[in-house]
Each structure stands twice: as C-alpha cells, then as structure tokens.
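Q: First the structure, then my questions, so here it is.
The values are calculated or read from the model by the stated rules, or taken from the named source; none is laboratory data. Everything numeric in this text was worked out from a predicted model, so none of it was measured. We place every Cβ from the backbone using ideal geometry, glycine too, and count neighbours over all the protein chains shown. Surface accessibility is based on the protein's heavy atoms, side chains included, excluding ligands, DNA and RNA. Shrake-Rupley method; radii C 1.70, N 1.55, O 1.52, S 1.80 Å.
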Amino acid sequence: MKKLIALTGLLALFFPAGDAGARLSPSRSVLDNGLVVVTSEQKALPMVTISLLVEAGSRLDPAERAGLANLAARLLTYGTDKRSATQIADALDFLGASLSTGCGEESATVSLTLLKKDLDAGLQLLAEVLTESSFPDEEIERQKQAVIAAIRAADEQPGHIAEVKFMEALFPDNPYGRPVEGTADSVKRADRAGLLDFYRKYYRPNRAILAVVGDVSEKEIVEKLRRAFQPWQKGGAPAEPPPKPVPGPP
C-alpha cells in the first residue's frame with residue numbers, strides 16, 4: 001500500500017492538476033523478475049521519463065551505520081563494473097539525458113529522462129547502475145566527505161537541530177528517529193563492504209516499482225525492459241525492521 005500511494009503521487013507530478021483525471025490512465029504489468037511496471041503513454045513530446053522506487057530507504061540502515069542507504073543511493077551513478085563515473089556522465093551527456101538518485105526513509109529513487117529515440121541506450125545504462133554498481137573506494141570517500149560537509153553545515157542551523165532532536169524524542173531507538181543522511185560519525189564508518197552488502201540485499205526488482213510516462217506504449221516498454229533488465233534477478237525476503245511506531249500522548 002505504501003508503494004502504491006508513493007507511486008500515485010509520483011505519476012501525478014507529471015501532469016497539471018486540472019488535467020490529471022482526463023490524461024492519466026496508467027496500465028500495470030509485472031515482469032518475470034517481480035518488477036512492477038506502471039505505464040502512462042503520453043505522446044505530446046518525444047520524451048520518456050522513468051522513475052524507480054525501490055524499498056531501500058534509511059529505515060533499513062543498521063543502527064550503527066545510519067546514512068548507509070543514502071550513501072548507497074548517491075553512489076549508484078559513480079561507477080559500475082563497465083564504466084567509471086566520468087564515463088557514465090559522458091554517456092548521459094551524449095544522450096542529452098538526465099539520471100538522478102535520491103533516498104528517503106521508506107525508499108530510494110532512481111529517475112531517468114531522455115528522448116524516445118535514445119530509450120534503448122538509456123535503459124541499458126539504467127540497468128547497469130541497478131545491477132553492476134561497483135562502489136569504487138575513491139568515489140566512496142568523495143561522497144562521504146560531501147555528505148559530512150552537508151551534515152555539518154545543517155548542524156549550524158537551529159531549525160535543523162530542533163527537528164533532529166524532536167524526531168529522536170518522538171521515535172527513540174528507532175530508524176525513524178535518525179536523519180536519512182546519518183551523522184558525521186556514522187557516515188565516517190561506512191565502507192565498501194557494507195555498501196555492497198546493502199546494495200545486493202535491497203536493490204532487487206521484486207522490491208521495486210517502475211513508473212514510465214511519455215511517448216511509449218505499455219507493450220513496447222515492457223518488451224524493452226525485459227531485454228534490458230534480464231540480468232536483474234529477484235532477491236530473497238531480507239528481514240525487515242519493525243513498522244513505524246505511532247507516537248503516544250506526551
């Protein structure tokens with residue numbers, strides 16, 4: 001249900017509020033590897049936007065490694081078994097495409113926007129970061145320093161400090177009481193082995209939903225995804241943390 005609610009909101013972002021009911025008519029498919037695909041064909045522009053939600057959010061962080069999920073999401077596009085971060089950036093520039101990642105409490109996101117004519121090449125690149133991210137040591141250190149710098153800058157803002165302390169008090173000893181980015185100390189403890197373990201455990205197609213909006217039909221995109229995502233295999237059902245607790249009265 002949480003995935004469905006998130007996906008509904010995600011699809012709604014692509015359309016003006018007044019037109020959503022008339023224009024948004026998504027269809028749903030499930031690939032053999034368990035990936036749920038929701039497609040809304042829109043032919044106004046020769047472009048396609050793809051957004052993936054995967055259950056790999058910060059609530060799955062080990063207590064002593066807060067920020068691991070966020071760091072893993074940031075590093076997806078910074079090197080694979082086939083390409084370096086620079087080569088990935090060059091490929092995106094050549095296609096005129098944008099590829100971004102993010103992380104929240106419940107899920108990580110990967111978004112790709114490109115021209116319809118470049119869809120096959122874009123899907124191959126997307127599949128590559130989802131199945132072959134390599135987490136190079138030099139990129140890990142670079143991203144760790146960037147995250148730590150952002151955390152320290154935020155810690156100088158009274159409003160941010162108040163929010164962090166409020167969530168700690170509201171959800172003590174619980175993943176929801178910790179910042180998605182973690183702390184400077186917990187980010188320092190992140191290492192390649194931990195990142196690879198998290199990535200291999202949680203970045204699985206049967207834990208994900210893919211929304212596709214643009215100049216492509218359901219039949220066409222499903223066929224292309226089956227070819228491109230063939231290496232992406234189902235994972236088991238890793239142990240989940242307890243559900244988000246409901247705060248009691250003060």
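Q: Looking at segment 135-145 only, could you name the residues that are open to solvent by less than 100 Å² (accessible area, probe 1.4 Å), part of a helix (DSSP H, G or I) and free of Cβ contacts under 8 Å to residues at least 60 places away in the same chain?
A: Those that are open to solvent by less than 100 Å² (accessible area, probe 1.4 Å), part of a helix (DSSP H, G or I) and free of Cβ contacts under 8 Å to residues at least 60 places away in the same chain: 137, 141.
Q: If you scan segment 52-67, which residues turn out to be buried (at least 23 other Cβ atoms within 10 Å of the Cβ) and of a type outside the set (A, V, I, L, M, F, W, C)?
A: Passing the criteria: 58, 61, 67.
Q: For the condition more than 19 Å from the chain's Cα centre (by Cα), within 30 Å of residue 117 (Cβ to Cβ) and aliphatic (A, V, I, L, M), what is the one hit in 221, 209?
A: Of 221, 209, the one residue that is more than 19 Å from the chain's Cα centre (by Cα), within 30 Å of residue 117 (Cβ to Cβ) and aliphatic (A, V, I, L, M) is 221.
Q: Tell me the residue from 109, 86, 39 that is polar (S, T, N, Q), farther than 27 Å from residue 167 by Cα and in contact (Cβ under 8 Å) with a residue 40 or more places away in the chain, please.
A: From the options 109, 86, 39, the qualifying one is 39.
Q: Scan 223, 181 and give me the residue that is part of a loop (DSSP other than H, G, I, E, B) and either of a type outside the set (A, V, I, L, M) or under 22 Å from residue 129 (Cβ atoms) (or both).
A: Answer to the selection: 181.
Q: Moving on. Go through (1) surrounded by 15 or more Cβ atoms within 10 Å (Cβ to Cβ); (2) closer than 16 Å to residue 194 by Cβ; (3) more than 15 Å from the chain's Cα centre (by Cα) for residue 74 and report which single condition fails.
A: It fails just one condition, (3).
Q: In addition: Check whether at least one residue in segment 188-204 is hydrophobic (A, V, I, L, M, F, W, C), in contact with a Phe, Trp or Tyr (Cβ under 9 Å, 6 or more places away or on another chain) and free of Cβ contacts under 8 Å to residues at least 40 places away in the same chain, and report yes or no.
A: Taking every residue of segment 188-204 in turn, none turns out to be hydrophobic (A, V, I, L, M, F, W, C), in contact with a Phe, Trp or Tyr (Cβ under 9 Å, 6 or more places away or on another chain) and free of Cβ contacts under 8 Å to residues at least 40 places away in the same chain.
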